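Trainee: Quick one: the structure is below, and I'll ask about it shortly.
Where a number appears in this text, it was derived from the coordinates with a stated rule and is not lab data. It should be emphasised that the depicted structure is a prediction, and the values quoted were computed from it without experimental measurement. Note that each Cβ is placed from the backbone with ideal geometry, even for glycine, and that neighbours are counted across all protein chains shown.
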Ligand SMILES: CC(C)(COP(=O)(O)OP(=O)(O)OC[C@H]1O[C@@H](n2cnc3c(N)ncnc32)[C@H](O)[C@@H]1OP(=O)(O)O)[C@@H](O)C(=O)NCCC(=O)NCCS
């Protein structure tokens with residue numbers, strides 16, 4: 001887990017409907033928010049592009065998330081390729097009656113910029129790309 005930016009891409013609190021049979025939050029719910037938070041980060045790079053998720057790599061669930069936790073999804077752009085971007089997502093939970101956030105999950109995702117036919121296109125416009 002690395003230092004987080006000051007503001008998360010998403011902050012949510014989760015409900016009893018999101019729990020698994022152990023009473024903690026179902027991992028798939030966390031993954032869905034990770035996906036959204038990562039897409040928000042990708043979109044910041046070029047708001048004119050539509051991005052789809054091609055890979056979720058190395059998802060690590062460090063600690064459970066509980067109903068009532070305030071869960072923040074911090075994102076960091078890791079790499080800009082030609083048609084893809086890699087985003088790291090750090091998930092932290094503030095437990096009820098606590099002021100501190102604890103690291104609960106992290107993941108690396110790859111998003112691909114696509115056109116209307118869902119074919120890969122360059123992430124950045126040619127004039128926005130720094131010279132090689
Ligand atoms: C995303 C998609 C359009 C890519 O198509 P593709 O034919 O694999 O495209 P390419 O081989 O040209 O690869 C495009 C980019 O994705 C990267 N990429 C492809 N597969 C990857 C993988 N498994 N992991 C990491 N990067 C990957 C390539 O390296 C390339 O990046 P670059 O241009 O920055 O070098 C296609 O796989 C797709 O439609 N997938 C479904 C997406 C979706 O519906 N997501 C929602 C989840 S249900």
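Trainee: Quick check: pseudo-label points 7 Å beyond the Cα along Cα→Cβ at residue 98 and residue 36, how many nm apart are they?
Mentor: Inter-label distance under the simple model: 2.3 nm.
Trainee: For the chain, find the longest principal axis of its Cα atoms and tell me its angle to the long axis of helix 27-45, 0 to 90°, nearest 10.
Mentor: With both axes taken from Cα atoms, the answer is about 30 degrees.
Trainee: Moving to a separate point now. From zero outward in steps of 5 Å, how is the percent of C-alpha pairs of the chain spread across the bins?
Mentor: Histogramming the chain at 5 Å steps yields 2, 11, 20, 20, 16, 12, 9, 6, 3, 1, 0 percent.
Trainee: In whole percent, what relative contact order does the chain give with Cα contacts below 8 Å and a gap of six or more residues?
Mentor: 28 percent
Trainee: Something else: Sum -39500 (n - 2.57) across every DSSP H segment of at least 4 residues in the chain, then divide by the residue count to get the 222 nm mean residue ellipticity, nearest 500.
Mentor: Value at 222 nm, helices only: -5000 deg cm²/dmol.
Trainee: Further question: Rounded to the nearest 0.05, what FRET efficiency do residue 11 and residue 78 have when you use their Cβ-Cβ distance and R0 = 22 Å?
Mentor: According to the calculation, E is roughly 0.55.
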